[in-house]
Amino acid sequence: NIDFDVRSEGQPLDILVKTLKDSPMLEEVQSIIPDIKDCKNWIDLILKLTGKLPNIYHIKLGENLFAEGDICFHDNDLRLMEVPIKHLFGGIKFKNLDVDLDLNSTIGKDSRIDIVGGIRKGIANLVMSSSRLNLCEFSREMFPELDDCFVKFRAKYQGDVKNIRVKNIECSGEVLRNDRPISNIKIVGGRFDLSNSCMSVRDFNGFIKQHP
C-alpha cells in the first residue's frame with residue numbers, strides 16, 4: 001500500500017521536471033508533458049500519493065495509483081518547447097491526469113501571456129490571452145524586415161491535448177500602436193480573427209521605410 005504526503009516550499013523547479021520526466025511511476029504523466037528545460041528558481045509543491053501497487057512496473061494512474069496536489073510558481077524561468085518563458089507566476093492543481101491551470105508569465109522581452117483553464121481525460125479547455133505581445137519575438141527569422149509589432153489577443157482551445165488541431169483554436173485580437181521608430185516595415189493598426197482554421201484580417205495599416 002502507498003500513502004505518501006509531500007509538502008515542500010522552495011523546491012528547485014529543475015529537480016521537479018527531472019523527476020516528472022524520469023520516474024517510472026509517472027510514465028502516463030510523461031506522455032502529456034511538453035519539452036521543458038533550462039528551469040530556474042523555486043516552486044512550492046503539495047503532493048499526495050495513494051494506492052495499491054502489486055507490481056511497480058504496472059502502474060495505472062487513476063486505477064491503482066492516485067495523485068493529487070498543487071504546484072505554485074514563484075518568478076520562474078524556463079524554456080517550453082524552445083520558447084523562453086520568464087517570470088512565471090501562478091499555480092497548477094492536479095488530480096491524476098486532470099489539471100487546472102492559472103498562470104501568467106513573460107515571453108521573450110516584451111510579451112505578457114496568461115493561461116487559464118483545465119484538462120479533463122486528455123481534453124483541454126484552455127484560454128490564452130495577452131494584453132501586449134510582440135509578434136517579432138516569434139517571427140524574426142521568417143520576417144526579419146518586420147519592426148516591433150505589438151498585439152493583444154484572446155485565444156481558446158478545446159480538444160485533444162496530445163494532438164492539437166488548428167481547427168479547434170479560436171482567436172481574436174488587434175494590433176496596438178507603439179512609438180518605436182520605423183526601420184523597415186511597421187504595422188500600426190488592424191484586427192485579426194482565427195476560426196475553423198481560417199484567418200481573417202481587416203483594417204491593417206502601417207509604414208514601409210517611413211511611407212504609409
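Quote the relative contact order of the chain in percent (integer), defining contacts as alpha-carbon pairs under 8 Å separated by 6+ residues.
Rounded, it is 11 percent for the chain.
Could you work out how far the C-alpha centroid of segment 75-112 sits from that of segment 180-202, in angstrom?
Value for the Cα centre distance between the two parts: 26 Å.
So what is the orientation-averaged projected area of the chain, using the convex hull of its C-alpha atoms, in nm²?
Over all viewing directions, the chain projects a mean Cα-hull area of 12.8 nm².
How about segment 130-212: which GluC sites (Glu not before Pro) there lie in a loop by DSSP and see at most 16 other Cβ atoms within 10 Å?
In loop regions of segment 130-212 (DSSP not H, G, I, E or B), the sparsely surrounded GluC sites (Glu not before Pro) are E141, E145.
How high is the relative contact order of segment 1-85? Use alpha-carbon pairs under 8 Å, at least six apart in sequence, and give a whole percent.
Reported as a whole number, the value is 37 percent.
Which FRET efficiency value, to the nearest 0.05, do you get for N104 and N163 by plugging their Cβ-Cβ distance into 1/(1 + (r/R0)^6) with R0 = 35 Å?
According to the calculation, E is roughly 0.85.
Once phi is turned into θ = phi - 60°, what whole-Hz ³J(HN,Hα) does the Karplus curve with 6.51, -1.76 and 1.60 give for every residue of segment 10-24, x standing for Gly and Pro?
Each residue's phi maps through the Karplus curve to give x, 7, x, 4, 5, 5, 4, 4, 4, 5, 4, 6, 9, 6, x Hz.
Using a cut-off of 23 Å between alpha-carbon atoms, which lysines can reach K162, once sequence neighbours fewer than 8 places away in the same chain are excluded?
K18, K21, K37, K60, K93, K95, K121
Taking just the C-alpha trace of segment 111-152, give me its Rg and Dmax in Å.
For segment 111-152, the Cα-based Rg and Dmax read 14.2, 43 Å.
Mind listing which trypsin sites (Lys or Arg not before Pro) in segment 137-212 are in a DSSP loop and have 15 or fewer other Cβ atoms within 10 Å?
R140, K162, R165, R177, K209
Below 14 angstrom from the Cβ of S172, what's the summed charge of the other residues (Lys, Arg +1; Asp, Glu -1)?
+1
Once amide H atoms are placed 1.01 Å from N in the peptide plane, what residues at a sequence separation of 5 or more from L176, or on another chain, have their amide H within under 5 Å of its amide H?
The answer is F150, V151, K152.
Read the figures in this text as sums done on the coordinates, not as results from a lab. On a predicted model such as this, the values are computed, not experimentally measured, just so you know. Neighbour counts run over all protein chains shown; Cβ positions are idealised from the backbone, glycine included.
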